[in-house]
Each structure stands twice: as C-alpha cells, then as structure tokens.
Amino acid sequence: MPVQIVSSARPQIKFGTDGWRGIIADDFTVQNVRYAAQGIANYLLERPEPSVVIGYDCRFSADRFAEEVARVMAAAGIKTYLTNAPSPTQVSSWTILELKASGAVVLTASHNPAQYLGVKYKPEYAGSASPDVVARLEGEIAKVIDADEAHLADYDEAVKSGVIQVVDPRPAYNRQIAKMVDLDAIKAAGLNLLHDPMYGAGAGYITGLLEGGKTAVQEVRAEANPGFGGIHPEPIPKNLESTLALVAAGGFDLAICTDGDADRVGIIDEKGNFVNQLEVYALLMDYLLGVRGQKGPVVRTLTSTTMADRLAEIYGVECHEVPVGFKYVGPLMMETGAVLGGEESGGFGFRGHIPERDGVLAGLYFADMIIRAGKPLSAILAALYEKVGPHAYDRRDVTVPRDGYAELKERVYQDFSADPPRDFLGREVVRTRSDDGLKFY
C-alpha cells in the first residue's frame, strides 16, 4: 500500500547541462530525491502505459537512491526496470530503446567529485533531456515540492508483483556495440590495451567486449571505491598521473580512460602522451568521415575545437556550433542526421547509436582507428595536424566557494561584457558570443 511522505523542506531542484546534482547529505538527500522522482513520475504519467529504466553508478549509496526512485515510480503505477548493478549512463540510455521504455532515470554525478551525486533524465529517444523537456521536469518537480509530498511503494512487494523488474542491461548493450564497431577485428589484432575506468561504472566493460582474442586488455583502478582514490573521476591529465606513467613505461598501444559513469573518454597514446579532448574530437571526425567513409554534418559545442571547422571544409560537410551540454548536441544530431556530436569535456555521440555520450564506444573506435591506419596513434595525430594546421588548447579550472558563486559569476560577465577585449596576443577579436558564458572569436 503506497504511503505519503511529508517534509517541511523546500529545496530548489534545478537541472544543469545534464541533470540535477548536489552534495550527498546536504542538498542531495533521500527526501529531495523522492521529490525529483515524483516530479518525473508525474511527467511520465502523461504517456500511455508509461515505463522507466533506472540505472546508477558506483557512488556512495547510489544503489539505495536508485531503489528510492524505483519505489516512487512503482507507487505511481509505472512499470520500472531497475538495473542489477552499477552501469555506464549510456547503457541505461540504450536500455530505453531495448525495452521500449518511456525514459530513464540515472543516479550519477558523472565526473564530479566524490561528495556529489545526481539525477539524470533520459527521454524516450535515449539521449540527454532537451531544454523543453528539462523545463517540463523542473515545473513538475516544483509542483511536488510546493505540495510537499511524494508517494512510495514497498520495494519488496513491488518486485514480487512485477511492477519493479530487476534487469541486466549489459548483453543488449554489448550486442549494439558489436554493430557499431568490428569487435572481432580488434580482438584479432593483437593490441595491448589499457583501460582505466577511474573506479567508475565502466569497469569490466571493455575487457568483457574484447575477451577471447589476441588483443589483451589490462584494467587499472577498476575496484569499487566511492571516494575515487581521492581524485575527481574526470579523465584529464591531473587525474591520470599514475596511468600516464604506466603507459609511458612502455608495452601498450593505447589507453582508454573513462569517467565516473563512463560516458566521457580520455585517450593516451602509445608513448604515454595525453591526447586532449579537442584532438580526440578531430581524430574521431577524421576517422568517421575519412576512414569509414561516412557522410553528413557534425555538431560541436562552442568550447570545442575549430579543427572540426577545418575538417568540415575538407570533407564538404556542415559543422554546427551549439551551447555547452548534450541537451543541445543530441537533439541537433537527431534533427540533422549528424555523424558525430561532441564537447570539450570528452563526451562524444555517434550516428547509428544513441544521441548520447559513450566513452566505451569512443575508446573502441580509437582501437579500430589504429588497426585501420596500420600505425601508432602518435603518428595518426601528427598526420591530423599536417591536414588541419597548428591548433592550441589550454584549460584553466578555478575553484570558488559555493557562497557568493552566483555574484562572482555575474560580476565577471558584466566586466567582460562592458569592456570586451579587442585583441588577444595581437589577434583581433572579430566577434563575441554571450548566450552561454562568454566566447571571443
């Protein structure tokens, strides 16, 4: 029998570039997750015979929060498919299509520090929620908060009745990956690969996909560790020092590094050099268009590489620039039939798959790239620069206190907007974009 949960809290639950995130036991509480789940349930109830996939990553109590979401969905009478183990976000997204579900809720904070957890919602098309869907979800959640209630089913009873069904999403996802890339060719190539899942949900996925052949895959940092070993599970150099050193010592053709929920990728070449995410985008674009012969436009966020624009000229395709977030990239990929979509943070989506980031597939594409080129990744990257000319990239992260963040952000925007620079290092600023942060061209 469903019970009503009542609380005096009045939280603000807002979705960012991909979902709502908060600090565990601060604003990310059981009650607030119930509010979010009830709002999503109310949104889903507008569909005929709604159903939902619920997935989660390896963070502290993510499985328990996932069960709470399942209880809310079951109380609403929504058929609920709960994954049986931590899994990459894109695996939950693919399961939407596999089970013909109405959407998915994923408990993850992706690449954020260990104290964070979050809720992502994936609509029926198995990608990031579009701005329109986000607005609807936030509106429904706000109504639930105003009413100060959510409803829960008994978990064991819901499982017994079949309203909640625990499922293994891995076999269906693996079958889909086998359609996207020639796994048999990679297995037979005799490569030595390293996979660093950064203590995240991608552990076991690449080894499982490539087992049984001449290619060897070694995993590091694959054990469960909700604290992520004191690092942020984002595949950038400062978080990959031990892996970079291991590859630099020799013996590997490629290292694939995936973030906390394995939807983002970091790549290390055979010399132990980090291939930055803008180079990764350009390499994938050159591979898909030039090596695999695919045709069609590409989509990139405004923080991504202008190498894409040069390659678009070379291949005679259109390159679309959108604000940051796959909630902009994914819908435009579907609208235009784009071959590739990607962003500076290491998330890449591919036509024929889902309009969603997939770090596992992106990493496997690099293995295939090396096999098809017949030369090491460092040489492939050098050839790319010969084609597009010199490009440079740097990123600076600034940590600021939560208190006063909004005021600081607004002041920075106002200062730059009021007096924008007219040149950088002798290069003229020809235009400015301010719809998503500030960008100077």
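Values computed for the structure shown
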item	result
Residues with amide H under 5 Å from that of ARG221, placed H, sequence gap 5 or more	none
Calculated from backbone phi, Karplus (6.51, -1.76, 1.60) coupling profile of region 89-106 in Hz, x at Gly/Pro	4, 5, 5, 4, 4, 5, 5, 4, 5, 4, 9, 6, 7, 7, x, 9, 10, 10
FRET E, pair LYS295, ASP148, Förster distance 51 Å, beta-carbon r, rounded to 0.05	0.45
³J(HN,Hα), Karplus 6.51/-1.76/1.60, whole Hz, each residue of region 297-304, x for Gly, Pro	x, 10, 10, 9, 7, 5, 8, 8
Region 215-321: relative contact order as a whole-number percent, Cα under 8 Å and 6+ apart	17
Gyration tensor verdict on region 1-135 (Cα atoms; rounded if a/c is under 1.5, prolate if a/b is larger than b/c, oblate otherwise)	rounded
Residue order for GLU318, GLU428, GLU219, GLU234 - accessible surface, 1.4 angstrom probe, largest first	GLU428, GLU318, GLU219, GLU234
For region 287-369: rounded, prolate or oblate by the Cα gyration tensor [a/c cutoff 1.5]	rounded
Note, ³J(HN,Hα) from phi for region 337-346, Karplus 6.51, -1.76, 1.60, rounded to Hz, x at Gly and Pro	x, 5, 5, 8, x, x, 9, 4, 7, x
Whole-number percent relative contact order across region 1-132, with pairs defined as alpha carbons under 8 Å at least 6 apart	28
Folded to 0 to 90 degrees: helix 170-180 orientation relative to the chain principal axis, Cα	30
Per residue accessible area in Å² of region 249-324, where ligands, DNA and RNA are left out and the probe is 1.4 Å	29
Distant-in-sequence amide H partners of VAL166 (H built 1.01 Å from N, under 5 Å)	LEU82
Sequence-separation-based contact order of the chain, relative, with Cα cut under 8 Å and 6+ spacing, percent	14
Accessible area per residue in Å² at 1.4 Å probe, computed on region 125-222	42
Label-to-label distance, nm, for residues given as LEU97 and SER378 (7 Å Cα→Cβ offset)	3.7
The chain, helix-only ellipticity at 222 nm - DSSP H runs n ≥ 4, -39,500 (n - 2.57), divided by all residues, nearest 500	-11500 deg cm²/dmol
log₁₀ of I(q)/I(0) at q = 0.10, 0.20 Å⁻¹ - region 310-441, Debye sum with one point per alpha carbon	-0.50, -1.38
Carbon plus sulfur fraction of accessible area for the chain, probe 1.4 Å, in percent	50
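The values are calculated or read from the model by the stated rules, or taken from the named source; none is laboratory data. Predicted, not measured: the structure shown is a model, and the values here were computed from it. Because the Cβ atoms are built from the backbone with ideal geometry, glycine has one as well, and the counts that use them run over all protein chains shown. For accessibility, only protein heavy atoms count, side chains too; no ligands or nucleic acids. Shrake-Rupley method; radii C 1.70, N 1.55, O 1.52, S 1.80 Å.
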